[in-house]
Amino acid sequence: MPNAESDAETNSEPERDHGFDPTSRLTVREDRGLRRDLSPAEDVAARTRFAADPRGKRPDFLDEQRLVFAANNYLGLAADGRVQRAAAEAAREIGTGAGASRLVTGDTRHHRALERDLADAKGTDRALVFSSGYAANVGTITALDPDVVFSDELNHASIVDGCRLSDAETVVYDHADADALAKAMAERARREGVENEAWLVVTDSVFSMDGDIAPLGAICDAAERHGAWVMVDEAHATGLYEDGGGIVQREGLSDRVNVQLGTLSKALASQGGYVAGDQALVELLVNEARSFVYSTGLAPPAVGAAREAFRIAREGTVREALWSNVEHLRDGLESVGYEVLGETQVLPVLVGDRDDVLALATELEERGVVAPAIRPPTVPEGESRIRVAPMATHTEAELKRCLTAFEAAGKEVGLR
């Protein structure tokens, strides 16, 4: 017979809550100064109106436009009529969505045309378009299934997550330090039982928070000494160099980098990511990259927009406008006393103190300039900064207004 006393004891146990407590977790972020809110923009352009986070309601846009120095729309092509028309034409010809995985029915002639263009510019046999740059990184690393990944300490989160999901042993080397990479590889090579390991070296080419460039030639040298593969993420470089290439092309390394990867959502003003490499690599990814196999193909309007933006980028005029604006803004910021890091179109203005950088960003916004404050844990303590990203479409008057705002805001905060 059932034991009534035992049943009573069981029933008297306190109920346990096996759910989640988002409110408490948000409070912790708030207390640490890490909570973020969405701030809707009226459109994607060099200047636009913004609204405070409506939290599910309709946005109420401010009356005045602000200058945007916070986007990765480096060539300003997201608002270009030619790119918009190409997106619309692709929607009319093919449809608004791919409708299925590309392995089912979602592979169109537009996808193949964009991939041929990318492969041509990257100097490879083929390219493969993914639904995002994040998906391209995660899918490629896991499909390669390396035993060991040597990863730059400042690589993008999508690379970090790809390493985790691949279950590879990850060796993190000092940022942009090819000597540190070579030392780590030599130490690994001295271990017993590593003769048959597959090694992958992964790095961004342009680092989005520091604006600096990986020493790709020296990285290739170190990898080749051990027969390792090199994978380079050109997210912040694709389309910005000669013939629409990235740093790999600028350095003449197309034949030494095994996997070239990038995004269509920054300079190419669209959505999606790509991988470029030899025929066997692309065929492997088609079959084993889970983020490709199990995702609906990139929407045809995004493909059409990216292809037209890439065509414009390869012509060169818009690239020249960007680099002219970059030089003008860097010189101007330094002339009013700011330290500007890096050597690319990303201009990190070093401030140092976390509270100072937040105050500076607020003062800039008061003066009509949107440029984000980057603070720990995104960057190390004592290295907080304003990340300034000019576009090719910013006018000389807008650059001057930005510089004037930085000078006045710096004085108001006590930094100048």
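What follows draws every value from the coordinates through simple rules; no lab data is involved. Predicted, not measured: the structure shown is a model, and the values here were computed from it. Cβ coordinates were reconstructed from backbone atoms using ideal geometry, including for glycine residues, and neighbour counts include every protein chain displayed.
Observations, loosely collected:
- For the stretch 301-354 versus the stretch 113-128, the gap between their alpha-carbon centres in whole angstrom: 25 Å
- Share of pairwise Cα-Cα distances greater than 24 Å in the stretch 81-315 is 41 percent (whole percent).
- Summarising the strand pairing of the chain, around 55 percent of its internal DSSP beta bridges are antiparallel.
- Size of charge dipole - the chain - debye, nearest 20, with Cβ of Lys, Arg +1 and Asp, Glu -1, no other charges: 1500 debye
- Close amide H contacts of GLY273 (hydrogens built in the peptide plane, cut-off under 5 Å, sequence separation of 5 or more or a different chain): PHE130, SER131, SER132, GLY133, LEU264.
- Charge tally in the Cβ shell below 15 Å around ASP221, where Lys, Arg are +1 and Asp, Glu are -1, ASP221 excluded: -2
- Highest-first arrangement of 187-193, 222-228, 275-281, where packing means the average Cβ count within 10 Å: 275-281, 222-228, 187-193
- For the stretch 165-317, the relative contact order is 18 percent, taking Cα pairs closer than 8 Å that sit 6 or more residues apart in sequence and dividing their mean separation by the residue count.
- Oblate is the label for the stretch 213-307, because the ratio a/c of its alpha-carbon gyration tensor axes (a ≥ b ≥ c) is 1.5 or higher and a/b is not greater than b/c.
- Virtual spin-label span in nm between LEU358 and VAL286, 7 Å along Cα→Cβ: 5.1 nm
- Förster radius 30 Å - calculated FRET efficiency between GLU396 and ALA52 (Cβ-Cβ, nearest 0.05): 0.45
- Computed over the chain: relative contact order in percent, which uses C-alpha pairs under 8 Å that are six or more apart: 20 percent
- Vicinal HN-Hα couplings computed from phi for the stretch 250-257 (Karplus, 6.51 cos²θ - 1.76 cosθ + 1.60; Hz; Gly/Pro x): 4, 8, x, 10, 4, 8, 10, 9
- Once the C-beta distance of ASP278 and THR27 is scaled by a Förster radius of 60 Å, the resulting FRET efficiency is 0.75 to the nearest 0.05.
- Distance between the modelled labels on LYS411 and ARG311, one decimal in nanometres: 4.9 nm (7 Å Cα→Cβ projection).
- What separates the Cα centres of the stretch 144-191 and the stretch 44-84 is a distance of 37 Å.
- Burial order of peptide ranges 27-33, 370-376 (average beta-carbon count within 10 Å, highest first): 370-376, 27-33
- Local electrostatic count at LEU165 - Lys and Arg +1, Asp and Glu -1, tallied over other residues with Cβ under 12 Å: -1
- Sorted ascending by nearby beta carbons within 10 Å, beginning with the fewest, ASP17, ASP174 become ASP17, ASP174.
- Highest to lowest packing among 200-208, 151-159, 298-306, scored as the average C-beta count within 10 Å: 298-306, 200-208, 151-159
- With K and R counted +1 and D and E -1, the other residues having a Cβ less than 11 Å from that of ILE374 yield a net charge of +2.
- Over 21 Å [Cα-Cα, the stretch 317-413], rounded percent: 27 percent
- Mean residue ellipticity (222 nm) of the chain, computed from DSSP H runs ≥ 4 via -39,500 (n - 2.57), nearest 500: -13000 deg cm²/dmol
- Taking the square roots of 5 times each eigenvalue of the Cα gyration tensor of the stretch 21-160, largest first, gives ellipsoid semi-axes of 33, 27, 17 Å.
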